[in-house]
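The values are calculated or read from the model by the stated rules, or taken from the named source; none is laboratory data. Because the structure is predicted, anything quoted here is derived from the model rather than measured. Using ideal geometry, Cβ is built from the backbone for each residue, glycine included, and neighbour counts are taken over all protein chains shown. Ligands, DNA and RNA are stripped out before the accessible areas are found, and what is left, the full protein with its side chains, is counted by its heavy atoms. Shrake-Rupley method; radii C 1.70, N 1.55, O 1.52, S 1.80 Å.
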Amino acid sequence: MRRAILATSCIPTPQHRMQRFDKIKRRDLHARPLLGGALIVLSFILCSWCVTPAAAQPPRVPDGLQVLQSFEQVLVDVIGRSEDSVVAIARVRKGDARTIDPSDPNFVPNEYATGVVIDSGGYILTNFHLMREDSDYWITTSRRGVYKVTDWWGDERLDLAVLKTEADNLTPIEFGDAEDLRKGKIVIALGNPYAIARDGQACASWGIISNLKRKPASEKRPAPSHSTTALPGQSAEATLQSTEKPSVHHYGTLIYSDVRLERGTSGGALLDLRGRMIGLTTALADHVGFEESAGYAIAIDEQMQGHIETLKRGEEVELGFLGIHVENRPEKMQIGVPGVRVTGTVFGTSADEAGLRSGDVITAIEGSPIHDTDQLFLQFRKRAVDEEIRVLVERDGAHQQLLVTLDKAPPSGRQRYSPRPLWRGLRIDHASVLFQSGFGRGAAANKGVGIIHVERESPAWQAGLRAGMIVTAVNGTAVSHPRPCRELLTQAAGDVTLTVDAPAEDESGQVLVPPE
C-alpha cells in the first residue's frame with residue numbers, strides 16, 4: 001500500500017505539468033544570452049582551429065643576404081637624408097697670391113674641414129680649432145653652392161664655432177641626444193677627408209660606439225704671466241693655472257668610436273640610425289703629435305645644444321665656476337671610493353659663501369658620484385652661470401648637502417663673440433672673472449660686478465676707472481649681478497656715481513662718471 005502511494009505521488013498531474021513547463025521556460029529565457037555568447041565564442045574557437053595549422057607555422061627566417069641588404073638600406077637612407085646638411089669648408093690665408101676660386105673642384109685650399117648646417121639661414125657648426133683670424137673661409141654645399149663666411153663666433157673651451165654665410169636655403173641637421181648613447185650602438189660619420197669633398201659631396205663611414213666620456217691626450221698649458229682680462233669680443237689666451245686643461249673635453253666628454261675619421265673630417269656629423277646628429281667629429285688627437293686622428297666626436301647633448309644656440313646669436317658662452325681648490329685622494333681611488341678633498345676656496349665666490357671649506361670631501365654633485373678632480377670640474381664647467389647645484393659633502397664623518405649657485409668662470413683660451421656695447425667707455429661682467437686679481441680689496445664676488453675693460457680717453461677712463469675694479473653700487477643702489485647693473489647704467493642720465501672697490505686702497509670709494 002505504501003509503495004502504491006509513493007508511485008502515485010511521482011505521477012505529475014496536468015496542473016503540475018503546466019507549472020513545470022513555465023519554470024523550464026523561464027529558466028531557458030535567462031540562459032539564452034549566456035548560451036548565445038558561448039556559441040559565439042565556440043564559433044571563434046572553431047574558426048581558429050581551422051586556420052591554426054597554417055598560422056602556427058614558424059616565420060620564414062631571412063637569409064644572411066636579406067639581413068645585410070636591410071641594414072645596407074638603413075645606411076643608404078640615413079646618408080641620403082643627411083648629406084645635404086653637411087658642407088665642405090675651405091680656409092684660405094689672407095694675402096694668398098693665388099687665384100682663388102673655391103667653386104673650382106681643382107682648387108685646393110690651404111686647409112680644409114667639414115661643417116654641419118644648423119639653420120636654413122646659413123649657419124654652420126664646426127670645430128673652433130679650425131678657425132684663424134688671418135684666413136677667409138668658404139663653404140660648399142652638396143648642391144655645389146659656394147658661399148663665403150661673413151662672420152663667425154666660437155669658444156676654444158668647447159671647441160665649437162658657428163659660421164654665418166649668406167645662404168638662405170640650406171637643410172639643417174636634426175639634433176639627437178648623446179645622453180641616450182650606449183657602447184655598441186651603430187653610428188655614421190659624414191665628412192670631408194683630405195679635401196676630396198670639395199664639390200660638397202660628403203664622404204661617409206660607419207662603425208660602433210666604442211666608449212663614452214673619453215679624454216683626448218693633452219699637454220699642460222703654460223702658466224699665465226699676467227692677470228687675464230677679456231678684450232672686446234675676444235678673451236686673452238692666458239689660462240688660470242698651469243694645470244688647467246684647454247677644453248672641457250679634456251675632462252672627459254668625448255664619444256669614441258671606431259668610425260674612420262681621416263684628416264679633414266673635423267667638424268663633421270656623427271649620426272645615429274635615425275639620421276639625428278649626436279656628435280660633432282673632431283681630431284683633437286692631432287694636436288699633441290699623433291700621426292692619425294682618433295675617432296673622437298663632441299657629444300651633442302642638451303647642454304651643448306644650449307651653447308650652440310648662444311654662439312649662433314653671436315653671444316659669449318658663460319661657463320660655471322665653483323671657486324674651490326681640490327685634490328684627489330689616491331688611497332681612496334685605489335679601492336673605488338668616491339670623493340675629492342677641498343684644499344681651499346676662493347674668497348667671495350658662491351662656494352665660499354655656501355660654506356664649503358678646506359678639508360671637506362665632495363662625494364657627489366647633482367647625485368652623480370665624484371671619483372676624481374676631472375669629474376668634479378666637468379660637472380660645473382659644462383653648466384651655465386647662476387645655475388644652482390646640489391653638492392654632497394662629507395665633513396667630520398657626516399654627510400651634508402650644500403646648495404651652491406655657480407659663478408662665471410674666468411676667461412680661458414680664445415673666444416670670439418659680439419661684445420656688448422660699452423657704457424661711457426666701460427664694460428662690466430661677473431666679478432668672478434677677476435679671479436686672479438683677488439676681487440679687489442676683499443669685495444665678495446657676489447657683492448659687486450667686475451670692470452673688465454675701459455676704453456682709453458673715455459669718460460670712464462678719465463674718471464679713473466680701470467679694469468680689475470669692482471662696482472658695488474650705482475647711484476647708491478647696490479649691485480651684485482651684471483644684468484641689473486647694466487639696466488641701471490643705461491637708464492641713468494647725467495653724472496653717475498659708482499661705488500668701487502679697487503686693488504689699491506686709495507683708489508676705492510665713489511667715482512663720478514660724466515656723460516659722453
Could you state the accessible area per residue of segment 304-461 in Å², with a 1.4 Å probe and every protein chain left in place? 40
Express the relative contact order of segment 329-438 as a whole percentage, based on alpha carbon pairs under 8 Å and six or more residues apart in sequence. 22
Heavy-atom accessible area of segment 354-501 with neighbours in place, 1.4 angstrom probe: carbon+sulfur share in percent works out to 45
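Once you have the alpha carbon radius of gyration of segment 369-493, what is it after dividing by 2.2 N^0.38 Å, with N set to its residue count?
Details: Rg = 17.4 Å, N = 125, 2.2 N^0.38 = 13.8 Å.
Dividing the Cα radius of gyration by 2.2 N^0.38 Å gives 1.26.
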Restricting to Cα pairs under 8 Å and 6 or more apart, the percent relative contact order of segment 118-167 works out to 46
Can you work out the accessible area per residue across segment 64-140, with the rest of the protein chains kept in place, probe 1.4 Å, in square angstrom? 46
Give me the percent of accessible area attributable to carbon and sulfur for segment 56-142, probe 1.4 angstrom. 52
Could you tally the net charge around Cys203, taking each other residue with its Cβ under 15 Å from the Cβ of Cys203, Lys/Arg +1 and Asp/Glu -1? -1
Cα pair distances of segment 365-404 binned at 10 Å [whole percent]: 27, 57, 16, 1
Work through the residues other than Val149 whose Cβ is under 9 Å from its Cβ and net out their charges, Lys, Arg +1 and Asp, Glu -1. 0
Expressed in angstrom, Rg and Dmax over the Cα atoms of segment 56-184 are 19.7, 76
For segment 336-397, alpha-carbon Rg relative to the globular expectation (2.2 N^0.38 Å, N residues): 1.07
